[in-house]
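Visitor: The structure follows.
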Amino acid sequence: MTLDIVGDLLETWTAVTKSPAATTYDEVLREVAARAEHAHCLSKADFGALVVWKRLRADTRWAKSLMETPDSRVRQVTHDAWVLANDESLSIPRAGRAAQEELWQLPGCGGSGAVASAILVALSPGRMAVWDRRARESLRAYGREPSPGNGRYQRYLEIVEELASDVTERAGGSHAFTPRDIDLSLYHLAHRVTKDEQGEYDIAPPADGSP
């Protein structure tokens, strides 16, 4: 069976945006992003809000290390990342990679890159995208998973940017899809991915779009 990632993303996004949670779940992200737009940085308190938004564990070594890091240091590093993420002279994938590498200086921002990507979305919601387990699972089902290793976030953004263009075209230009729209759709699409005993992937019909 040939899967249609563009059509499935559009179908999923349509279902998600019709959900009652569509206007409420990202309120925390929007508030943190608004502060970042004004201050051009994030504080430790903003990190805490994003941990709740992403439903991450806070009883970790990196969370303790972050709390022991001066807030001024967190603000300086995230300011530098803000500048890079919003540098329109750089392509979105290149800007994302440079900003992510800047964030490596802070606890929790290495590893899989999930935490760093959430921070980057708050710093530049119109350009960046969240990378997490759900996005990986969805892309894997379609054979589009970015290869691991150094530069994976850049490769992910290249894929997401291409998909945003394709979904916008499929939608007839009724909505200009952003990388964030695509990552949100990938997250929810992962709940629809199934795999049979032969290892073949399939996509179940969309549910109600709840987070």
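Visitor: If I go through region 157-188 residue by residue, how many of them are hydrophobic (A, V, I, L, M, F, W, C) and more than 22 Å from D132 (Cβ to Cβ)?
Guide: Number of matching residues: 2.
Visitor: Which residue pairs have Cβ atoms under 8 Å apart, sit 6 or more places apart or on different chains, and have a first residue in region 1-14 that is loosely packed, with under 14 Cβ neighbours inside 10 Å and a second that is of a type outside the set (K, R) and not in a helix (DSSP H, G or I)?
Guide: Partner pairs satisfying both residue conditions: M1/E200; M1/D202.
Visitor: If G126 passes every condition in (1) surrounded by fewer than 18 Cβ atoms within 10 Å (Cβ to Cβ); (2) free of Cβ contacts under 8 Å to residues at least 40 places away in the same chain; (3) closer than 17 Å to A81 by Cα but one, which one does it miss?
Guide: (2)
Visitor: When you scan region 30-144 for helices (runs of 4 or more DSSP H) that lie fully inside it, which ones turn up with 2 or more residues that are out of contact with any His (no Cβ under 6 Å at 6 or more places or on another chain) and closer than 28 Å to V6 by Cα?
Guide: Answer list for region 30-144: 92-103, 114-123, 133-141.
Visitor: May I ask you to say which residue of S147, S138 is under 24 Å from V115 (Cα atoms) and touching a Lys or Arg at 6+ places or on another chain (Cβ under 8 Å)?
Guide: Sole residue among the options that is under 24 Å from V115 (Cα atoms) and touching a Lys or Arg at 6+ places or on another chain (Cβ under 8 Å): S147.
Visitor: Starting from region 196-208, keep only residues that are within 14 Å of G143 (Cα to Cα), then list their pairs with residues that are at pLDDT below 80 whose Cβ atoms are within a distance under 9 Å, requiring at least 6 positions of separation or different chains.
Guide: Once the first residue is within 14 Å of G143 (Cα to Cα) and sits in region 196-208, its partners that are at pLDDT below 80 give E200/M1; Y201/M1; D202/M1.
Visitor: Consider only pairs whose beta carbons are under 7 Å apart and that are at least six residues apart or on different chains; among these, list those whose first residue lies in region 47-66 and is in contact (Cβ under 8 Å) with a residue 12 or more places away in the chain and whose second residue is assigned to a loop (DSSP other than H, G, I, E, B).
Guide: V51/A58; W62/P107; W62/G108; A63/G108; S65/P107; L66/L106; L66/P107; L66/G108
Visitor: Taking the condition closer than 16 Å to H191 by Cα, in a helix (DSSP H, G or I) and of a type outside the set (V, I, T), does L10 pass?
Guide: yes
Visitor: Anything in region 189-199 that is touching a strand residue (DSSP E or B) at 6+ places or on another chain (Cβ under 9 Å) and either closer than 29 Å to M128 by Cβ or part of a helix (DSSP H, G or I) (or both)? List them, or say none.
Guide: L189, R192, V193
Visitor: Go through (1) touching a residue at least 40 places away in the same chain (Cβ under 8 Å); (2) within 20 Å of S147 (Cβ to Cβ); (3) polar (S, T, N, Q) for S112 and report which single condition fails.
Guide: (1)
Visitor: For the condition at pLDDT 95 or above, within 14 Å of the chain's Cα centre (by Cα) and assigned by TED's automatic domain parsing to the domain that holds K195, what is the one hit in R140, R152, R97?
Guide: R152
Visitor: When you scan region 169-211, how many residues do you find that are among the hydroxyl-bearing types (S, T, Y) and surrounded by fewer than 19 Cβ atoms within 10 Å (Cβ to Cβ)?
Guide: 4
Visitor: Still on this structure: Could you tell me which of the residues L29, L50, L66 is more than 14 Å from P107 (Cβ to Cβ) and surrounded by 15 or more Cβ atoms within 10 Å (Cβ to Cβ)?
Guide: Exactly one residue qualifies, and that residue is L29.
The values are calculated or read from the model by the stated rules, or taken from the named source; none is laboratory data. This structure is a prediction, so every number in the text was calculated from the model and none was measured. Heads up, the Cβs are rebuilt from the backbone with ideal geometry, glycines too, and the neighbour counts pull from every protein chain shown.
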